[in-house]
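Please read the structure below before turning to the comments.
The values are calculated or read from the model by the stated rules, or taken from the named source; none is laboratory data. What you are looking at is a predicted structure, and each value in this text was computed from that prediction instead of being measured. When we count neighbours, we look across all protein chains shown, and the Cβ atoms used for this are built from the backbone with ideal geometry, even at glycine. All accessible areas refer to the heavy atoms of the entire protein, side chains included, with ligands and DNA or RNA removed. Shrake-Rupley method; radii C 1.70, N 1.55, O 1.52, S 1.80 Å.
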Amino acid sequence: DIQMTQSPSSLSASVGDRVTITCRASQSISNYLNWYQQKPGKAPKVLIYAASSFESGVPSRFSGSGSGTDFTLTISSLQPEDFASYYCQQSYSPPYTFGQGTNLEIK
Amino acid sequence: EVQLVESGGGLVKAGGSLRLSCAASGFTFSTYIMDWVRQAPGKGLEWLSSISSSSAYIYYADSVKGRFTISRDNAENSLYLHLNSLRAEDTAVYFCARGPSSGYYKIDWWGQGTLVTVSS
């Protein structure tokens, strides 16, 4: 099975900050990588798929990059509504494993 | 509007069984891959299982293989997850989730989840 490792596991930042979250796969997954956002008590929602493609309706301050084993999610200027948990997921082969998550908190 | 509504969660003793259901509406259910994902209290997301539109292809996470069974009824627009030999570590919110109808795999719609609590 493919293991996904996210870093950091938690992050404190301020409104307006630029933030980067990293996800590493245990083997090459090409660009088969999705990013999800989850707010407390809510279901997740997809932000980025295929490593860098925007889901419809996602603000342009979110961007994704990477291929192979190393990927990043960047939020260019944090907004209050962005404080949430973020998860990567590989879609290269089942089981479609998630990273352990990054909890983004207000500083 | 797409809706996924889970039911069937509750309190069960270790070693027991449960069947979760997911009622789908607002889209052509029979053409979509469907998944189950769970989240233990205060923990991250764990992908559990996926079933293709015709049920021809089924996949499981190692943690539930041999204990959980995914199935679907396209005539009833319903997805199921049968949970057997339950353990305390299976305590979680279980989400029904929609995969793609074709092409690239991603989960683009989620239910609100149903809580399963396994008592030891």
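Surface composition of chain A: carbon plus sulfur atoms contribute 45% of the solvent-accessible area (1.4 Å probe, protein chains only, all chains present).
Work through the residues other than residue B:90 whose Cβ is under 12 Å from its Cβ and net out their charges, Lys, Arg +1 and Asp, Glu -1. Intermediate results must be reported in sequence, preceding the final value.
Numbers: positive: B:13, B:38, B:67, B:87; negative: B:46, B:89.
Local net charge: +2.
Once the 1.4 Å probe is applied to the protein heavy atoms, chain B comes out at 45 Å² accessible per residue. Solvent exposure of chain A amounts to 44 Å² per residue of accessible area, where only protein heavy atoms count and the probe is 1.4 Å. Kirkwood analysis of the Cα pair distances in chain B returns a hydrodynamic radius of 14.2 Å.
Run through the stretch B:26-115 and list the GluC sites (Glu not before Pro) located in a DSSP loop whose Cβ has at most 15 other Cβ atoms within 10 Å.
Numbers: sites: B:46, B:76, B:89; in loops: B:76.
Counting only loop positions with at most 15 other Cβ atoms within 10 Å, the GluC sites (Glu not before Pro) in the stretch B:26-115 are B:76.
Burial annotation for the stretch B:100-116: residues with an accessible-area loss of at least 10 Å² between the isolated chain and the complete set of protein chains, computed on heavy atoms with a 1.4 Å probe, are B:104, B:105, B:106, B:107, B:108, B:110, B:112. Contact with the other protein chains removes 50 Å² or more of accessible area, compared with the isolated chain and a 1.4 Å probe, from these residues of the stretch A:43-71: A:43, A:44.
Largest mean-square fluctuation among A:38, A:90, A:79, in a Gaussian network model of chain A whose springs join Cα atoms under 10 Å apart, belongs to A:79. Chain B against chain A buries an accessible area of about 1700 Å², both chains summed, 1.4 Å probe radius.
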